[in-house]
Amino acid sequence: MNPLTLSAVELGRAIREGRTTAVEAMRAVLEQVEEKESSLNCYITLDKEEALERAQEVQKGIEAGRLLGPLAGVPMAVKDNLCTKGIRTTCASRMLGCFVPPYSADAVLGLERAGAVLVGKTNLDEFAMGSTTETSFYGPTHNPWNPDHVPGGSSGGSAAAVAAGECFFALGSDTGGSVRQPAAHCGVVGMKPTYGRVSRYGLVAYASSLDQVGPICRNVEDCAAVLELIAGAVPASDSTYVGSRVGQEQPWTGFPAGEGHRVASGGLSASLKRDVKGMRIGLPGDYLGEGLDGEVRDALLGAAELLREEGAVVEDFELGLAEYAVPAYYTVACAEASSNLERFDGIKYGYRAGNGGGDLHRMYKKTRSEGFGAEVKRRIMLGGFVLSSGYYGAYYLKALKVKAMIKGAFDKAFSRYDCILGPVAPSPAPRLGESLKDPLKMYLGDAYTVSVNLAGLPAVSVPCGTSRTGLPIGLQLIGDCFQERKLLQVAYTYEQCRKIRESAPDSVRREGCGKG
């Protein structure tokens, strides 16, 4: 058996049934890393011996009956802005190049306690500020589909590692699309949960009111299994975590914390089914106009038609306020970034510049000038500007009002629709270097994702086609707050139907996916 041909859930099942082991799975992943990492640069920190030792420990737990969850023994990767105890967490910045946390993020602990095995820490845009994974102090990550192109960002290392078989699933963080966009560019599934669904404890903050930890996986079923575990992790300290305490259609059935995870019944994975009959799906005309690549539009409309064939009611509508999402997002995000990154001063931990001349403020300035990259400095300065006394009301407060208006527009839409269908990015993955030449164009590339974060909603990116040049295209499904179950069901239905259509003869494809 070649473990790399399996999904994360399939591999977990194979390990439980004794058809393979956690150690064999880890060896297969490490061989893949050995083969591909030099051309992709997915990982910042990788300790192969430690990874194998962890796999051996987990295998013993599985054989002893202590670890029976769906992902026990499955190799995973973690974005390098999530703290991992005893393993350095750099945020892809010189500023934190030697930082080794004394604790792990809640989301990481939830997976490790369930038996998932850490391969390493993945590359990202510095402090998660970027859309291409090119601003990393450790060099850019390359797209596995075409190394001349970016993998998206900021969770590009995680998405590329999953797509290249260098892990079976990965964690990323999503502040304005940083899970969904790289997932779309790398042809995998990425989900941003509802704000507060997953604990942010241990996630190095970029914009605290927008950041959310999310899974990047090979398929929707894997995504549901990972989400169950990270949402069910008991938070160490996160006042914004709501997890299973607020209502949704059915009680949340995530796995409990601690060892001894067993396969739960009635959870997200168990409730996945191919069924969208009668569901109402909105297709915003705002998202289909100028700026959207023709191939992306065609793939999106094809997905809408496929869901119609499955019994969903797909309607065009106007969401409104779409043109205000990007300026509101960057005003709020940069303001919070300027505050959050103030802690990196060269005193408490992290990089400190030498030859400070004995002057504290000179040392601060020198440390931050050398420790931060250009994009991080740009956003800190922008954030400091919009928070300054003369411009606070004109920019920051106005952005907060727009944020509330965007949430109101989504609330109105969800009074009519079960979910919203739209693009993830305006085009397939750009070539390396293109976006860095024009930062404003890079910011505008987030037009379809940032509104989700401003409104605190869940959204999932699912592959829906490829461009003429062979690059993946993804669609985005957006749901109302805490409606992850419904959202994943629509995503699963589309994924399964597309798989059937692509494997069917031409005559069957012309007749549609089929009902049922």
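Summary table
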item	result
Looking only at the stretch 35-64, and only at residues there that are outside any helix (DSSP H, G or I) and either touching a Gly at 6+ places or on another chain (Cβ under 6 Å) or at pLDDT 95 or above (or both), the one that is surrounded by the most Cβ atoms within 10 Å (Cβ to Cβ)	42
Residue, nearest to residue 348 (Cα to Cα), within the stretch 363-420, restricted to residues that are touching a residue at least 12 places away in the same chain (Cβ under 8 Å) and not in a helix (DSSP H, G or I)	372
Residue among 433, 445 that alone is over 19 Å from residue 177 (Cβ atoms) and at pLDDT below 95	433
Residue that is farthest from residue 440 (Cα to Cα) [pool: residues in the stretch 114-171 that are of a type in the set (Phe, Trp, Tyr) and over 17 Å from the mean Cα position of the chain (by Cα)]	145
Residue ID - farthest from residue 84 (Cα to Cα), chosen from residues in the stretch 104-149 that are touching a helix residue (DSSP H, G or I) at 6+ places or on another chain (Cβ under 8 Å) and of a type in the set (Phe, Trp, Tyr)	145
From 139, 130, 97, residue being surrounded by fewer than 24 Cβ atoms within 10 Å (Cβ to Cβ), out of contact with any strand residue (DSSP E or B) (no Cβ under 9 Å at 6 or more places or on another chain), on the phi > 0 side of the Ramachandran plot and modelled with pLDDT of 95 or more	139
Contacts under 6 angstrom Cβ, first residue in the stretch 32-53 being closer than 16 Å to residue 84 by Cα, partner of a type in the set (Val, Ile, Thr), 6 or more apart	43/122; 44/90; 51/119
Test: residue in the stretch 467-480 that is β-branched (Val, Ile, Thr), closer than 30 Å to residue 324 by Cβ and assigned to a helix (DSSP H, G or I)	no
Which numbered condition residue 9 fails, given (1) over 21 Å from the mean Cα position of the chain (by Cα); (2) under 24 Å from residue 155 (Cβ atoms); (3) part of a helix (DSSP H, G or I); (4) in contact (Cβ under 8 Å) with a residue 24 or more places away in the chain	(1)
Output for the stretch 302-325, where each listed residue is touching a strand residue (DSSP E or B) at 6+ places or on another chain (Cβ under 8 Å) and aliphatic (A, V, I, L, M)	303, 304, 307, 312, 313, 314, 319, 322
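The values are calculated or read from the model by the stated rules, or taken from the named source; none is laboratory data. Since this is a predicted model, take the numbers as computed values, not measurements. Cβ atoms come from the backbone with ideal geometry, glycine included; neighbour counts cover every protein chain shown.
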